[in-house]
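A.B. asks: Take this structure first; my questions come after.
Readers should treat all values here as calculations from the given coordinates under stated rules, not as data from a laboratory. In this text, all values refer to a predicted model and were calculated from it rather than measured experimentally. Using ideal geometry, Cβ is built from the backbone for each residue, glycine included, and neighbour counts are taken over all protein chains shown.
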């Protein structure tokens, strides 16, 4: 199974067939995002309907996935996004990437769609089986994971969509089983709707019996991986993430005046203490949860956690800053228990918490419910979105849909995708990322918060214009490269500050494949990924005019700094000068 | 008042002020669509939010409006469309254009928006008054027209929005009082939402005391206008429109196999007889309605009618083919009385019947209601759309919104606007118009049905590719010119077939203004209008890739001809070679 080179698996959902293919020579050096974006670019008509037969859904582990490299188990999913209309790559932790890599699968390409019906896909060392699925249709993600493990064994990984993906909601995500049978998500861009459009409820991946993956130079790999692991483990931000999770950012971004509050009308949230990482840490300890929790085998950062309810019962994990911000500060809800309840249900439904939280913020501005009314938010999730009522459809299709439905002009989206938890007026570097990302507003595409706020990889004044474009450009290039390795993006803080780590990554790739890439080669790969993605978008009809923030960021000063978004179109467009 | 040249009125809805301005020299030769599109191009930021303060709503009578030229009373409304994101001009019959022209108003430019509140605008020979409005908020268009006439006199014209425009629904239209106090509509592109976003419930235009408009050479005008009137009156299509209304087309387009049925899955409708113009004609005569009815003073075509219910009570007028098709054939509803009921309520709510009918067709495909269930359609209009419930918001925001909400891929829209009553697979010329129109799918932009089906202006095989691009191009250019004169587009059939009429129009314009334009000059004006509109769209981020029909037209053959849409992108783009 695991002989090098790995193979491509193509599944045709109209014919209900699958086949293994040798990896084309030009794809051999690609993995993760580089590979999914290349496949989408090469094989998907940029003008196709994202939910129609011509779109393809591509999964690819990273170049280092299933090696002993720490935090290397990210799975990339790619397609034309039904939310943005652009190319989309979204990566997730969990167990699937390592299972696919161990089975010698470099990419899984899912094509076409059935006339009707729902299917499950089982992948193991013997091949691929496509089965009719009835029992699990309508089921939430937690039940799917349990049932698939019951049927095929606890060692199975599961990639699944919830009712939101079945209903083809534009905020639907794809969920992946973590090592504890909980969920991680390919969150953004609505790829859950693409999986739903192909009639696939779940993919079970059983790595049992697969050999360990082939590493060309084991000693060299071990040497480099130790350098890398040590560097990651010792970084201060890594340690903070372990202790407080990503939610450590609530107070940091609040203090910076860049925490979008009340549908992006304020930069600070009065109720920030109630939802901060410090509060979460205290509650977890009081209630017997886990402060540290890994989403994948080999994770040494452990930013996840187990958050229990008041009675000490499990409620959620992977309870992230951006989710807490979206349903919390942006909606003026200051109670972590309500947010955990909402997070749990959105995970079960398979809906992006960021998109949905921002959608609620716009709905609150429209008067559909009151700012701060977290109970009503949970009710709408459970009784409207879950059941696909008209209101559920409006909110489940994201912030831009809510804005259109209710004629609201303060709608924080770029290319139809909700802007996440960092206000671009007060933290300008991230605004460049939102505007220029090939995938709509996305903080992970080029996380300038590192240098704008956290002092990682330099210091760039968040309120000034100077240096922001270069900062975003460098980070977007590096991110595209890292997203191709399978490494967790949270290794990037250490990589930015410790000059030994990037060479160590390149040494690991070389040791894995017997290649002799340089650091420059890997950065060139990052550039190539961005340019490939952009060319897809241009063929789909996107132009520089789409690389703009909504009007209100330029006309409404954000308290407390009174900052506005003040980059001209011409300035933004210089991002692409590389 | 009526001294030449006419003036521009600017109204600022933030300051609640108005001022009269001399017409800039470069706008003197423009009217109707040429003027509204030029103002929008010159003064509106192409990237602005269409419902925000930077958009402008422009009204302009045509160059010949309020002259004795027959059928010259069209009013153009222009803005950036909230439905399509493109520039938009939509023109309407009724009484407003003539009232504005008699008051010496060449264009009304409405800018900015109030922080809150609703207003009425009264325009008369003494100037402009902006008043707070409370009583009529939430009222339907029929009540607005009645109340405005009660307050300001029956001679007043009224431009109004219904609840749909107040709710800023993307299918909201702007209605205009006709000579009987009934309604005509600026139907497409959602400009009612723009009027709503500016806090304007109605504009009352009182022409009392205005002089007749100035005509530079009265004798020349009279000579030319007689030639024009005679030519229009004697044309066969003019006569058919008078007898059966535009609904005469149901059987014609059904017989051609191009009547989109059951959400564009069939080209013929089994129930066509029930909704045909011949049936309408019979019912009108049985029930004491009027077969012929004019929407404006000076109309000699009289395509409108008065359609009474079973008890002989007034139900609707301006009961058009495209409305009857959309809610009829496309939704498989074969009962004219139900369609008249729906038409009446949509007129009262101020919602585009075409967009809404197509939205219902998509909703039927999604299973929201059953194909053929006209009663449920009327219920949804009265109880959901009128009240702004979530389902009402989804449908009232048009076909594309319904498609997104329910994950439907067979959504017949171009640039987000619903494709009207002629299937582009079976009548290919109109497909070129839908694809290339600067305003999204719109049959009136270049009505190739004339030569494809009706034998007016030549004969071009509707099922073949040959000649369609040239046909659409010539018609779109001519239409842009005609839309600038204030002439009703239904004069075009006669103009296409009688070579004396276009020169007569040019002579009327010259006699009105003392100019010496040629026929070529007027055609050049049409070209300039199209290119100006296209440049606005390009600055707003539109590209050739937006000039495409939805995927399903190319992949799903349409019965009975089995025709598919088979123009390549490159072929379509040659449209702009002029």
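A.B. asks: Regarding the stretch A:61-124, what whole-number volume in Å³ per residue does the convex hull of its Cα atoms give?
C.D. replies: Cα convex hull per residue, to the nearest whole number: 118 Å³.
A.B. asks: Among B:519, A:368, B:158, A:176, which comes first, second and so on when ranked by fewest other beta-carbon atoms within 10 Å?
C.D. replies: B:519, A:368, B:158, A:176
A.B. asks: Taking every pair of Cα atoms in the protein assembly as shown, average 1/r, invert it to obtain the Kirkwood radius, and report Rg/Rh to two decimals.
C.D. replies: 1.00
A.B. asks: Shortest first and in nm with one decimal, please list how far the residue B:459 label point sits from its counterparts in the other copies (point 7 Å along Cα→Cβ).
C.D. replies: Copy-to-copy label distances for residue B:459: 8.3 nm.
A.B. asks: So what's the back-of-envelope 222 nm ellipticity for chain A, counting only DSSP H runs of four-plus at -39500 (n - 2.57) apiece and dividing by all residues, rounded to 500?
C.D. replies: It comes out at -11000 deg cm²/dmol, rounded to the nearest 500.
A.B. asks: Further question: As a test of the definition: which semi-axes, in Å, follow for the stretch B:7-205 when you take the square root of five times each eigenvalue of its alpha carbon gyration tensor? Largest first, please.
C.D. replies: After diagonalising the Cα gyration tensor, the semi-axes are 21, 20, 16 Å.
A.B. asks: For peptide A:46-53, how many partner chain Cβ atoms fall within 10 Å of a residue's Cβ, on average?
C.D. replies: Averaged over the peptide's residues, the number is 4.
A.B. asks: Ok, one more. Between chain A and chain B, with a rotation axis joining them, whose C-beta in A is nearest that axis, and what is the whole-Å distance?
C.D. replies: Nearest-to-axis residue on chain A, with distance in whole Å, is A:390, 2.
A.B. asks: If you don't mind, there's one more thing I want to ask. Using the C-alpha gyration tensor of chain B, what are the square roots of 5 times its eigenvalues, in whole angstrom, with the largest one first?
C.D. replies: Three semi-axes, in Å: 32, 27, 24.
A.B. asks: While we're on this one: Could you give the distance between the Cα centres of the stretch A:415-468 and the stretch A:125-181, to the whole Å?
C.D. replies: Value for the Cα centre distance between the two parts: 34 Å.
A.B. asks: In addition: Give me the distance in nm between label points sitting 7 Å out from Cα along the Cα-to-Cβ direction at residue B:543 and residue A:376, one decimal.
C.D. replies: Modelled inter-label distance: 4.2 nm.
A.B. asks: From the label point of residue B:383, set 7 Å along Cα to the beta carbon, how far off in nm is each other copy's matching point, shortest first?
C.D. replies: 1.9
A.B. asks: How far is residue A:557 from the same spot in each other copy, in nm, shortest first, if each label point sits 7 Å from Cα toward Cβ?
C.D. replies: 6.7
A.B. asks: Classify the stretch A:372-472: rounded, prolate or oblate, from the alpha-carbon gyration tensor (a ≥ b ≥ c, eigenvalue square roots; a/c under 1.5 rounded; otherwise prolate if a/b is larger than b/c)?
C.D. replies: Prolate, because a/c is 1.5 or more and a/b exceeds b/c.
A.B. asks: Counting only other chains, what is the mean number of Cβ atoms within 10 angstrom of the Cβ of each residue in peptide B:540-548?
C.D. replies: Mean partner shielding for this stretch: 4.
A.B. asks: Specify the inter-centroid distance of the stretch A:208-265 and the stretch A:330-378, based on alpha-carbon positions, in whole Å.
C.D. replies: Computed from Cα coordinates, the inter-centre distance equals 27 Å.
A.B. asks: Additional query: Distance between Cα centroids, the stretch B:270-301 to the stretch A:32-108: provide it in whole Å.
C.D. replies: 58 Å
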